[in-house]
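Contents: one structure, followed by commentary.
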Amino acid sequence: MTKRKQRRVTRKPVKATMADYAMSFERLGQWMSERARSPTLRHPRATSLSMLDGAVAAVVAGPVSMASEEWVCPLLGVDLDAFNHDTEEFSAIAATLMRHNAISETLSTRPESFEPLFVRSPDGDVDPQPWCMGFYAVMKLRLLVWSRLLSPNGTEHLMLRPILVHCIDDAGRPLLPPARRTLGTQPIVQNAWRDIPATVEALRQFWMPIRFKRGA
């Protein structure tokens, strides 16, 4: 009997994890920017990495567990079917979910090291508004369950102020009234961003008993 020559078949590596599908985080920022400028594609609500980072932080620290499709689709401007195909859209979805996992891991194990991805100018100035608007975009998806913290008269509302003070409504008006300036002080909005890392962890701790109870 003659031995048949075995043909070497080169197989593509099997994609087994989300990381295998994900585009780089830097490429995700470019992808969102390109999509936001497209005249034909559905525009994402998150138009920058900073805005997406804030949105993901709201998902992680918020009052309820949200299905990925509920927040990823509007943030990236993709349809539900994008979860089912190995396309560039799914690669963007995978990168977004990887960011979610990273923030969740940080807040669960090393909350003191959590650093929001704020926009920074070359000279070091911080612009927290895109990050805060991303956070608020996720809040608006489930505004009713966030309502406990939205009453300006409630003491719990103070937890959200460092974030909401940087946000504007659909008409471009500040969500919160301007902070009062007192003698020898600066308006709260100027340095409120410094409190945001602690704010996110405080929100996560505040909602945790409610979130787990709902999940159960």
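The table for this structure:
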| read-out | value |
| --- | --- |
| Residues that are without any contact (Cβ under 8 Å) to a residue 24 or more places away in the chain and in a helix (DSSP H, G or I), drawn from segment 122-144 | Lys140, Leu143, Leu144 |
| Members of segment 32-74 found to be in a helix (DSSP H, G or I), of a type in the set (A, V, I, L, M) and under 12 Å from Leu97 (Cα atoms), listed by number | Leu52, Ala55, Val56, Ala57, Val59, Val60, Val72 |
| Single unsatisfied condition, Ala137 versus (1) of a type outside the set (S, T, N, Q); (2) surrounded by fewer than 16 Cβ atoms within 10 Å (Cβ to Cβ); (3) modelled with pLDDT of 90 or more | (2) |
| Within segment 75-92, considering residues that are under 16 Å from Met23 (Cα atoms) and free of Cβ contacts under 8 Å to residues at least 40 places away in the same chain, the one most open to solvent (accessible area, probe 1.4 Å) | His85 |
| Tally of residues being touching a helix residue (DSSP H, G or I) at 6+ places or on another chain (Cβ under 8 Å), part of a loop (DSSP other than H, G, I, E, B) and either more than 19 Å from Arg45 (Cβ to Cβ) or open to solvent by 50 Å² or more (accessible area, probe 1.4 Å) (or both) across segment 161-171 | 1 |
| Residue satisfying condition, being in contact (Cβ under 8 Å) with a residue 40 or more places away in the chain and touching a Ser or Thr at 6+ places or on another chain (Cβ under 7 Å), within set Val59, Val72, Val119 | Val119 |
| Counted residues, segment 192-216 - those being open to solvent by 60 Å² or more (accessible area, probe 1.4 Å) and modelled with pLDDT under 90 | 5 |
| So Ile103, is it more than 24 Å from Val126 (Cβ to Cβ), of a type outside the set (S, T, N, Q) and open to solvent by less than 40 Å² (accessible area, probe 1.4 Å) | no |
| Among the candidates Ser147, Ser151, residue that is assigned to a helix (DSSP H, G or I), at pLDDT below 95 and surrounded by fewer than 17 Cβ atoms within 10 Å (Cβ to Cβ) | Ser147 |
| Total residues in segment 47-59, condition under 21 Å from Glu105 (Cα atoms) and open to solvent by 20 Å² or more (accessible area, probe 1.4 Å) | 2 |
| Hits in segment 12-31 - residues which are aliphatic (A, V, I, L, M), in a helix (DSSP H, G or I) and surrounded by 19 or more Cβ atoms within 10 Å (Cβ to Cβ) | Leu28 |
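The values are calculated or read from the model by the stated rules, or taken from the named source; none is laboratory data. The shown structure was predicted, so the numbers you read here are calculated from the model rather than taken from an experiment. A quick note on method: Cβ atoms are made from the backbone with ideal geometry, for glycine too, and the neighbour counts reach across all protein chains shown. Note: accessible area is taken over every heavy atom of the protein model, side chains too, but ligands, DNA and RNA are not part of it. Shrake-Rupley method; radii C 1.70, N 1.55, O 1.52, S 1.80 Å.
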